[in-house]
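Everything below concerns the one structure shown next.
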Amino acid sequence: MKITKTFIEGLLIIEPQIFNDIRGYFFESYNEDKMKEAGIDANFVQDNQSLSQKGALRGLHFQSPPFEQGKLVRVAYGTVMDVVVDIRKNSPTYGSNFSIELSDKNQLMFWIPPGFAHGFETLADNTIFLYKCTQTYNKASEGGLLWNDTELAIEWRTPSPVVSDKDKVLSSFKDFVSPF
């Protein structure tokens with residue numbers, strides 16, 4: 001496994017070792033010992049999976065303490081642009097965003113520790129997105145930021161994405177009070 005740090009402290013890009021042959025491929029999508037060696041000492045308690053059509057946008061979501069979630073995300077089929085916003089008040093990169101393309105072709109995984117708002121847009125039909133979470137979902141703790149907030153200046157690739165009604169009315173960054 002190759003681990004790459006990003007310019008935002010804590011975010012890690014994980015490239016698994018892929019074994020290809022005439023049958024297809026094999027790789028470890030999770031190995032606790034290797035994750036710990038990389039600095040990810042997490043206890044995963046919930047796995048989630050979503051199916052989305054091209055142009056769907058989900059996010060930007062987070063869960064507040066004490067139900068904050070770390071997430072290990074990847075794409076089993078299709079392609080997404082995965083985006084996070086640093087919402088850790090004392091972080092030197094507070095308010096900064098980072099994006100990465102995850103696909104079934106590059107097989108990259110992305111570690112998102114607690115303290116980030118997270119979202120993704122699908123760039124291919126029938127995209128299957130997987131994420132392991134360090135906390136179970138708690139409705140009372142959910143929060144989010146407006147996906148198209150001009151202050152965040154996220155460069156989404158889809159001009160008019162399909163967004164849920166809930167995600168259309170999330171908080172703007174200027175009105176946001178971070179629980180982290």
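The values are calculated or read from the model by the stated rules, or taken from the named source; none is laboratory data. Being a predicted model, the structure only gives us computed values, none of them experimental. Because the Cβ atoms are built from the backbone with ideal geometry, glycine has one as well, and the counts that use them run over all protein chains shown.
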- In region 39-56, the residues that are closer than 27 Å to Leu123 by Cβ and either assigned to a loop (DSSP other than H, G, I, E, B) or of a type outside the set (Ser, Thr, Tyr) (or both): Ile40, Phe44, Gln46, Asp47, Asn48, Gln49, Leu51, Gln53, Lys54, Gly55, Ala56
- Which is farther than 27 Å from Glu15 by Cα and at pLDDT 95 or above, of Leu170, Leu72, Leu108? Leu170
- Item | Single residue of region 1-33 satisfying the filter (small (Gly, Ala, Ser) and farther than 21 Å from Gly115 by Cα) that is surrounded by the fewest Cβ atoms within 10 Å (Cβ to Cβ) | Gly24
- Message: For region 100-113, give me each residue that is within 11 Å of the chain's Cα centre (by Cα) and either within 15 Å of Gln53 (Cα to Cα) or not charged (D, E, K, R) (or both).
- Response: Ile100, Leu102, Met109, Phe110, Trp111, Ile112, Pro113
- Note on the structure: When region 158-175 is checked residue by residue, the ones that are surrounded by 13 or more Cβ atoms within 10 Å (Cβ to Cβ) and in contact with an Asp or Glu (Cβ under 9 Å, 6 or more places away or on another chain) are Thr158, Pro161, Leu170, Ser171, Ser172, Phe173
- Query: Could you say which residue among Asp82, Asp104 is crowded, with 16+ Cβ neighbours inside 10 Å and either free of Cβ contacts under 8 Å to residues at least 24 places away in the same chain or of a type outside the set (S, T, N, Q) (or both)?
  - Reply: Asp82
- Task: May I ask you to list the residues in region 11-30 that are in contact (Cβ under 8 Å) with a residue 40 or more places away in the chain and part of a loop (DSSP other than H, G, I, E, B)?
- Result: Leu11, Pro16, Ile18, Phe27, Ser29, Tyr30
- For region 107-129 the number of residues that are surrounded by fewer than 20 Cβ atoms within 10 Å (Cβ to Cβ), of a type in the set (A, V, I, L, M) and touching a Leu at 6+ places or on another chain (Cβ under 9 Å) is 2
- Message: Anything in region 17-61 that is basic (Lys, Arg) and under 25 Å from Leu170 (Cβ atoms)? List them, or say none.
- Response: Lys54, Arg58
- Scanning for something closer than 18 Å to Ser52 by Cα and assigned to a strand (DSSP E or B), does region 135-158 turn up at least one residue? no
- Note on the structure: When restricted to Thr127, Thr136, Thr150, the only residue of a type in the set (Ser, Thr, Tyr) and under 15 Å from the mean Cα position of the chain (by Cα) is Thr127
- Residues Lys54, Lys36: which one is surrounded by fewer than 17 Cβ atoms within 10 Å (Cβ to Cβ) and touching a residue at least 60 places away in the same chain (Cβ under 8 Å)? Lys54
